[in-house]
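Just so it is clear, none of the values below were taken in a lab; they were calculated from the coordinates. Bear in mind the structure is a predicted one, so any value in this text is a computation, not a measurement. Glycine gets a Cβ as well: all are built from the backbone with ideal geometry, and neighbour counts include every protein chain shown.
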Amino acid sequence: MEVVMQMKRLKMNHASWLRATVAIAFAACALAALAGCASPKVEVEQSQVQSDFEATEQSLIADGVLVQSPYVDNNNYALTAFDVSDSHVADDGANVFNAKATFENSAFRTTMDVVATYAKDGDSYMPNFETSNASTKAVSGIVYDPQGTLSSSDLKNIQDVDFDEEAQTCTVSVAYEPEWFESVQGDVKYVYRFDGTSWAPDASANSSAAVSYSPLVATYDQFDADTDKGGCLTKIDIVSLDEKTGEVTANVTWTRGKHSNHAAAAALRSVTDDTDVTIDATVEGTLYSAPTEEGKHRVTATLTGTASNGKPMVVGIFAGGDGYTENGMIVYNASVQTDDASYTCGSTISKKI
């Protein structure tokens, strides 16, 4: 009986040994398999990837990924961030990196996603970069005006340039230089907007200085006219000007004959024809701002009314604009009717300065 029990114990020990041997064999096979399936090691250093990508600056500019603009100094970009989120070896042995990069210069900041693929080439690797989801923000305002809207294309010497980074706008305030017939409150403001790819003027957001033409209200009776048969205006008395509507009222005097109130022509007064005719009129119209193509300030109005002889009178006036006008001087053209004829005349007349 004892022999039988020993035999059973030997059979059980042998079975346990077989099971242990099989388990060890399976474990060894599994370790070998795991060793054979381990991921290949990435060999390219991340610092090398960052350096190589920074060297692609000019290609990124050429492709429009990095912005260039005539409104700013287009100085060199620098790679200020390169954050690798994943690196692995592809099936073909290439080293692949996924990263988010940031380039900056004094005007712009651009972020983008980057896939860097380093293909195996013998004992070395050749890089290739693909970018996507590029986004650019302006980090400073404009410094040039290539459109010529402002008096100078170079804004570096203009102190009041307000850059709003959140709104991506730049507001340039320019002092309004008034002519003699203007009084001004505030500045002219020009707004420029960056849309993610370029700076451009935003005319809808511009604002003007508050300009008043109240200095025009005065008596203009300083003239120098040795007139022909058309006569001349010897007085334009602008008595009122509505700043809101531009409506202007003036009392004018037209005289036919040789007249001058300048000392150089005083002798003409002694030979004035006794048949000279003088006509007065109150004329009204609307004053408009009418700058020249060169941007010089100018105002103009056409004034109409009935003269003292019951006939119509029309007087066109303007101030500023042309180079031959002077401070306090109005240029006029008048159409007058007398009882026996119609006359036109045009000249300049000034107020006392």
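A few notes on this one:
- Over 28 Å between alpha carbons, listed pairs Lys244/Lys296; Lys137/Lys296; Lys244/Lys351: Lys137/Lys296
- Calculated FRET efficiency for the pair Ser214/Glu166, C-beta based, R₀ 30 Å, to 0.05: 0.15
- Vicinal HN-Hα couplings computed from phi for the stretch 209-217 (Karplus, 6.51 cos²θ - 1.76 cosθ + 1.60; Hz; Gly/Pro x): 6, 7, 9, 10, 9, 4, x, 5, 6
- Virtual spin-label span in nm between Ser47 and Asn76, 7 Å along Cα→Cβ: 2.0
- Net charge of the neighbourhood of Phe318, taken over other residues with C-beta under 14 Å away and scored Lys/Arg +1, Asp/Glu -1, is -2.
- Using θ = phi - 60° in the Karplus curve 6.51 cos²θ - 1.76 cosθ + 1.60, the 3J(HN,Hα) couplings for the stretch 339-353 round to 5, 10, 6, 10, 10, 10, 8, x, 5, 10, 8, 10, 9, 5, 9 Hz; x is entered for Gly and Pro.
- The calculated FRET efficiency for Ala175 paired with Thr286, based on their beta-carbon distance and R0 = 45 Å, is about 0.95.
- FRET efficiency, Asp242 to Ser135 (Cβ-Cβ, R0 45 Å, nearest 0.05): 0.30
- Projecting the Cα positions of Gly196, Val174, Gly186 onto the charge dipole of the stretch 168-242 (unit charges on Cβ atoms of Lys, Arg, Asp and Glu, taken about the Cα centre) puts Gly196 furthest along the positive direction.
- Proximal charge balance of Ser350 [Cβ under 10 Å; K/R count +1, D/E count -1]: -1
- Environment charge of Pro201, counting only residues whose C-beta is closer than 14 Å and scoring Lys/Arg +1, Asp/Glu -1: -1
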